[in-house]
Structures are given as C-alpha cells and as structure tokens.
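Colleague: The structure's right below; bear with me while I get my questions together.
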Amino acid sequence: LAEFNNVRSVTEMPEGDDAKRSFHNRMFLEPQEKKRSMKALVVKQAKKTCSCTPAKVKDYVFSFFPVLQWLPKYKLREYLLGDIMSGVIVGVLLVPQSIAYSLLAGQEPIYGLYTSFFASIIYFIFGTSRHISVGIFGVLCLMVGQVVDREIQSAGYDLEPAALSVLTDTAAYVNTTISPVNQTLQKLLCDKSCYAITVGATMTFIAGVYQVAMGFFQVGFVSVYLSDSLLSGFVTGASFTILTSQAKYLLGLDIPRSSGIGSLIATWINIFRNIHKTNICDLITSFLCFLVLIPTKELNEHFKSRLKAPIPVELVVIVAATLASHFGKLRETYGSSVAGHIPTGFLPPHPPDWNLIPNVALDAIPIAIIGFAITVSLSEMFAKKHGYSVKANQEMYAIGFCNIIPSFFHCFTTSAALAKTLVKESTGCRTQMSGMVTSLVILLVLLVIAPLFYSLQKCVLAVITIVNLRGALRKFKDLPKMWHLSRVDTVIWLVTMAASALISTEIGLLVGVCFSMLCVIFRTQRPEAPLLGWVAESETYESLSAYKNLQTKPGIVVFRFEAPLYYINKECFKSTLYKQTGVNPVWVKAAKKKAAKRMLREKEVDSSGNQTSISMDFVSEPLGFHTIVIDCCAVQFLDTAGIRTLKEVCKDYREIDIQVLLAQCNPSVRSSLIRGEFFKEGEDHLLFHSVHQAVDFALDAQGHSGTSASK
C-alpha cells in the first residue's frame, strides 16, 4: 500500500483532544499493478498484429477502402441531388482555378486539370470525410513552383531561346555520334514544360510517400506542432509571395521568376526595373477583371445564406475573356501572353524521374507536412460540425495516395482547400460521391472544352489567383481580436507571416515551428507563481494578486508554481519562492553565521556583553511564518533537476525552522518524488491531497507545539 499520511506518525501524536484534532483525513491509496515485462507486451502486440483471420482481413480491407463501407449504404433519394449539385458547382469553380494555379506551380494549364481530376477520384475511394474538397491548393502550388523553377534553371532551361535551340541541335547530333553525352544536353531533348512536370510529378511522388509513411508509422502527431496561429500566419505570408509571383502577369512582363531567400523583394525589384515594358493590353484586361471579380465575390459572401449556389463568376470571366481575346486578336495585335494550346484527352502514364529524387527529397518534406496537416484539420473540423467521425490515420493514407498515384499521370501536389470545401458544404454535399461528380465535370473539360481556352490571357488567370487570396489577406483584420485573446499567438502569427513572406516559404515554416516551441519554453521558464489566500467558508485557495477579500492563515504561506518544474525553470522557481515569501534561507543562514562569529569575537574582546546582546537579538529575530505550503496542482512533471531543487528548498528552509509541505501533487509527480528518494525516514515532508488539508495540518502542528512550549 502506498500511504499518503496527512498526519504525524502515531508515536508523535498528542493525547486527548489534540489527538482527535491532529488525526484527520488519513488516506490509503493502493497503486495499480503495472505490467513491467516488456517482452510480454511485445509478444502480445506481435500476436495481435500478425494474426490473420477472415474477420480481421475484412475489417482491414474495409478500413483501408472506406468507399466499400459507405457506398453500399448510400441513400439514393436522400443524398443524390445534393451530391450532384455540390459536385457540379465545385467542378465549375475548380476548372478556372486549376488552370490559374498551374501557372503558380510553373506548369502548363492541362496539368492542373489532370491534378484536380485524379485527386477527386482517389479521395472518393480512400477518404473518410464527406465534405472536404481535395484538389489544387495555392500555397502548395507556390512551393512546387519554386522547386520547379530552381531545377529548370539548374538544367539549363533559363538560357536565351537562340542559345537553347543551338544546344538542342548540338545535343541531337552528339547523341548520334558520341555516348555518353553531357547530362545537361540530354535534358534539353525534353522541352521546358516536359521537364517542369517531370520535376513536379517526382516531388509529388516523394511527398505522397512521406505522407503514407506517416500514416503507416502513425506519426501524425507531427501536425500538433503546427498550431492554428502558425498555419494562418504561414498561409498569409505565402499569399504575399503568391501575389508577387503573379504581379508580372498583370503587367504583361516577361521577367524570370525569382527563387530562394528574399525572392519576394527580388521579384519586386525586377518588376520596377522593367515597369516601362508593361503591356497596356494586359494591364487594362487585369483591371477590368478585378472590377468584375471582386464585387461579385463580395456579393457571393454577403448573400451566401440566400443563394442556393454561388455565382460562378470566375468561369464567366474566363469565357468572356477568351472570346474577347480570340475575336480581338489580342495576342497578334498587342503581344498579350495567352495560355496556348491545351490538348484534349490524357497523356500516357510516365513514372517519376528517379534521378531527380535526391534533388527534391528535402523540398518534399514541408510540402507533405503542410498537405496532411491542412487535410486532417479540415476533415476533423467538418466531421465534428456535422456529427460524424473521421480517421486521421486513414486521411493521411488518402492524401498520400492522392499524390502518389497521380504522379504517374503528370500531376502535381494536392491537399484539401478550405474555400472549395466551404462551397461544397454550403451547396448540399452529403457524401464523397460529390467528389466523383466534380471529377466528371473536369473530365468533360479535358475531353471536349479544353482547346477552346487557347486564347485565354495569362493575366486573367493571375487575377483569379490573386482574388482568391482575399481570405488569407483578410487575417490582418483579425489581429486586434487575436491580440486581445492571446498576445503570444499573435506574435507567432506575425513572425511566421513575416518569415514566410520575406525569407522563403520553407524557411518561414521552420522559423514558425521553432519560434512557437520557444514561446512554449519561455512561458514555462518564467511562469506565474502567486501567493494564495483562503476563500472564506470554503476549502478553496486562490491567488492574492487576482482576487480581493481573501484571507491568510497566521504563520502559513501558500505558494503555487504554475508550470512543470524542470531544468529550465528551476532557478526561477527558487528565486520566485524566495521573493514571494520574503525569506531567502541561504541569506538567513549566512546572516546567522555572521552574527554568531561576531558574537564570539566580541566575547573575547569585551566582557560587557552589550554588542553580544544585539547579535543575539538578530539571530533570534522571528521570520513571520513557520510553514510554506507549495500547491503543486499546476506542476505536470518533475525531472531530476526539479526533484533536486525541491530537496534543496526543503533542506534550506528546514535549517531555519520552516517546514515545507507539498499539496495536490498528481500521480506522475508523486511517482517522481518517490523514485528520487525525496521522502526519507525521519523527515517531516508530507504529501497532502489538498491545500486545505496541508494548512489544517500546519495549524494543528503549530498549536500543539505552542501548547507543549507553554507547559
């Protein structure tokens, strides 16, 4: 039995009424038996994992392919209409966004349509959320595009067109005469767009592998380090980079895309250096598109409760802009940059370039983490809202396969997207069948309509991308409210946003994670540590600095430390305790020793004893209290440094006749104290299950000692 004595031992207990008063709340707790045999646990888990029964195989298959669970139970009359309506509307919205975000990822428009098509089908099979829309996400497209541009430049595709054609002809000649040829010349046999999608697909494959591995090894806990404020700041910072990357299309400028650290500033410098080359036709088109898109988007949001479906203004703008460009011959007359030929049908599948994996493996890590973090958080949010459950581990498998399988079909990275998910939910989506309807809409575009967008100006696509950043950029309006709720979260948001925008997206994410973890450390390094007072007619103790009309017990100081006690804050614990109590036992002991030495010296020099009496008065000066009760309710754990600190504090105070009592320790802390040999035979350190019990014990003990002294 583990006995937590809230009293003195029986031999020390006074007789009569004092005995009845001192013997209170004696508690006996019997600890649970713990199975300490690691071998037995491993064998049991291995048997459970490796056993194979028909029922277990069926459960595994059904959990891995959720479509087999919900599709047979599909209520045709109840669900079909809502799924068709939401699927068609999301598909109509997704077509222009897929084409627009392709530019952001450094790809041709057709590859954006491929990506949205395959992602919708695969999530239909593997996904457990009924409402999220999986497809192209702007921030991931930006991160993919930065890597694609870097690899294109390193492969030599950033050369002038004339030099590029000479090298291509040379490579073709050398390839027929000499082997092996220069690697760069071999790469040039594949044109720029071909190499761009090869890089994008390879990185998508690696990101998908990471996500599936995270699901297999159940390391989804990584996402807990991406707090809401961190993710919001990261997305807002990346939105500035997205806006900057699209600004050149608004002006019709042909300038290289900057990448690496400080790309945002470098891009704006290039834009202002080439501002005199602005294409007036593209500028006017961009302005007109903004005039149409922004007010209509605002109307959609303002009247979303009244509208059965949002106005597909992006599709209307794309159709109108394409017709105007085609019949106005804007490309031939004014030199406007257009989307170009978008083929119909599908390209034959092609595996990723295994030689590129070492180049992009590191870049795929933040993409994989951001992708699954956003997907899991959105799926859990909408599942909670609509009263069903999702499997976070299965969601990691789903988003991983949404990247692995499409990477063989010329696609780039996908994840869930909040804006399209909200549209999907608000238009009547009931199940994952809505995603299949969306893929059919995109399939229709791929097979029939895609070539009609040949004359679509790239500046129109840039406007669509920028307008869709409004939600992220509006987060600045929420800063006062966020500051009022939590200043720490606001600072994390600002630091992550600034680092993501001004340095780079990947480094910004890393800076945000490190800074948020440092904030947690700093908050535990210097936590709140108030003195407590008694709430009259209760057993409750609260902070004296936070509440009025609290009472204190004579001779007793109650102190609460609101953080774990470990190596980082052990000195803060001691200094705060000494400051709050007003007594530093080390200084008191030193002063007593000094006074004692002075007394001895003066005895030798002067036999009158005048100076000695002063020293003795100082030595025997009362300290104002006899007991310190440490409320440990907020101490989640102790490490070895924390246990050693508690031992030192108790020992130092005991040497100046002040006892230290611990109250409200959780089982983890009690276990640490026992393992650390905090309690030794003959010591009076006692554990109490409440502050009130500890205070009562101290009062009873002091009353008994006072009675004994008077006798």
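The values are calculated or read from the model by the stated rules, or taken from the named source; none is laboratory data. Small disclaimer: the values here were computed from a predicted structure and weren't measured. Using ideal geometry, Cβ is built from the backbone for each residue, glycine included, and neighbour counts are taken over all protein chains shown. Areas reflect the complete protein model, heavy atoms only, side chains present, ligands, DNA and RNA absent. Shrake-Rupley method; radii C 1.70, N 1.55, O 1.52, S 1.80 Å.
Colleague: If we sort 241-254, 451-464, 90-103 on the protection proxy, mean other Cβ atoms within 10 Å, highest first, what's the order?
Modeller: With the highest mean Cβ count within 10 Å placed first, the list reads 90-103, 451-464, 241-254.
Colleague: Cα to Cα, under 16 Å, and not fewer than 8 places away if on the same chain: which lysines meet these conditions relative to K385?
Modeller: Once the sequence-local lysines are set aside, what remains near K385 is K424.
Colleague: From the C-alpha gyration tensor of segment 348-501, pull out the three semi-axes of the equivalent ellipsoid (sqrt of 5λ each), sorted largest to smallest, in whole Å.
Modeller: They are 30, 22, 21 Å, listed from largest to smallest.
Colleague: Could you rank the peptides 68-77, 402-411 by their average count of other C-beta atoms within 10 Å per residue, with the highest value first?
Modeller: Values: 68-77: 10.5, 402-411: 24.3.
Going from most to least packed, we get 402-411, 68-77.
Colleague: First compute the accessible area of segment 433-492 with a 1.4 Å probe, then give the percent of it belonging to carbon and sulfur atoms.
Modeller: Accessible surface attributable to carbon and sulfur in segment 433-492 totals 69 percent.
Colleague: Quick one: Karplus J couplings for segment 477-488, per residue in order, coefficients 6.51, -1.76, 1.60, θ = phi - 60°, nearest Hz, x for Gly and Pro?
Modeller: 5, 8, 4, x, 5, 5, 4, 5, 6, 7, 5, 5
Colleague: Under 5 Å between amide H atoms, partner at least 5 residues away or on a different chain: which partners does F412 have, H built in plane at 1.01 Å?
Modeller: Amide H neighbours of F412, under 5 Å, 5+ apart: T115.
Colleague: If the only charges are +1 at each Lys and Arg Cβ and -1 at each Asp and Glu Cβ, what is the size of the charge dipole of segment 476-604 around the Cα centre, to the nearest 20 debye?
Modeller: 1060 debye
Colleague: Going down the table (K297/K475; K593/K651; K548/K579), which pairs top 19 Å between alpha carbons?
Modeller: Check vs 19 Å cut-off fails for K548/K579.
Colleague: Right, something else. Decide, for segment 282-327, between rounded, prolate and oblate: order the square roots of the alpha carbon gyration tensor eigenvalues as a ≥ b ≥ c, take rounded if a/c falls under 1.5, and otherwise choose prolate if a/b is larger than b/c, else oblate.
Modeller: Verdict is oblate for segment 282-327.
Colleague: Rounded, prolate or oblate: pick one for segment 539-595, where a ≥ b ≥ c are the square roots of the eigenvalues of its C-alpha gyration tensor, a/c under 1.5 means rounded, and failing that, prolate if a/b is larger than b/c, else oblate.
Modeller: Oblate, since a/c reaches 1.5 and b/c is not below a/b.
Colleague: On to the next question. Jot down the radius of gyration and Dmax of segment 225-280, Cα atoms only, both in angstrom.
Modeller: 13.8, 47
Colleague: Determine the share of segment 97-153's accessible area contributed by carbon and sulfur atoms, expressed in whole percent, with a 1.4 angstrom probe.
Modeller: Ligands and nucleic acids excluded, carbon and sulfur reach 54 percent.
Colleague: Could you put W587, W534, W483 in order of accessible surface area, largest first, with the 1.4 Å probe and the full protein assembly present?
Modeller: So the residues, ranked largest to smallest area, are W587, W483, W534.
Colleague: Here is a further query. Residue by residue through segment 382-392, which ³J(HN,Hα) values in whole Hz follow from phi under the Karplus form 6.51 cos²θ - 1.76 cosθ + 1.60 (θ = phi - 60°), with glycine and proline marked x?
Modeller: Those phi angles translate into 6, 5, 5, 5, 9, x, 9, 10, 10, 9, 4 Hz.
Colleague: Sequence-distant or interchain residues sharing an amide H contact under 5 Å with Q636, placed H: which?
Modeller: Residues meeting the criterion, in which the H sits 1.01 Å from N, are L565.
Colleague: Let me know the shape class of segment 105-150, please: from the alpha-carbon gyration tensor, a ≥ b ≥ c as square roots of the eigenvalues, rounded when a/c is under 1.5, otherwise prolate if a/b is greater than b/c, or oblate.
Modeller: prolate
Colleague: Can you give me the orientation-averaged projected area of the convex hull built on the Cα atoms of segment 389-474, in nm²?
Modeller: Details: hull surface 32.0 nm².
Its average projected convex-hull area is 8.0 nm².
Colleague: Separate question: Do any trypsin sites (Lys or Arg not before Pro) in segment 529-594 lie in a loop, going by DSSP, with at most 10 other beta-carbon atoms within 10 Å of their beta carbon, and if so which?
Modeller: Qualifying residues, ordered by number: K548.
Colleague: Give me the accessible area of R150, 1.4 Å probe, in Å² rounded to the nearest 10.
Modeller: About 90 Å², ignoring ligands and nucleic acids.
Colleague: Probe of 1.4 angstrom, ligands and nucleic acids ignored: what's the accessible area per residue over segment 272-342, in square angstrom?
Modeller: Numbers: 4690 Å² over 71 residues.
Here the residues of segment 272-342 average 66 Å² of exposed surface.
Colleague: So, one more: Enter the mean projected area of the convex hull around the alpha-carbon atoms of segment 418-543, in nm², rounded to one decimal.
Modeller: Projected over every direction and averaged, the Cα hull of segment 418-543 covers 15.5 nm².
Colleague: Moving on. Between S336 and residues 5 or more places away or on another chain, which pairs have amide H atoms under 5 Å apart, with H built 1.01 Å from N, and which residues are they?
Modeller: It is R331, by chain and number.
Colleague: Nothing charged except the Cβ atoms of Lys and Arg (+1) and of Asp and Glu (-1): what's the magnitude of the dipole of segment 392-514 about its Cα centre? Round to the nearest 20 debye.
Modeller: 400 debye
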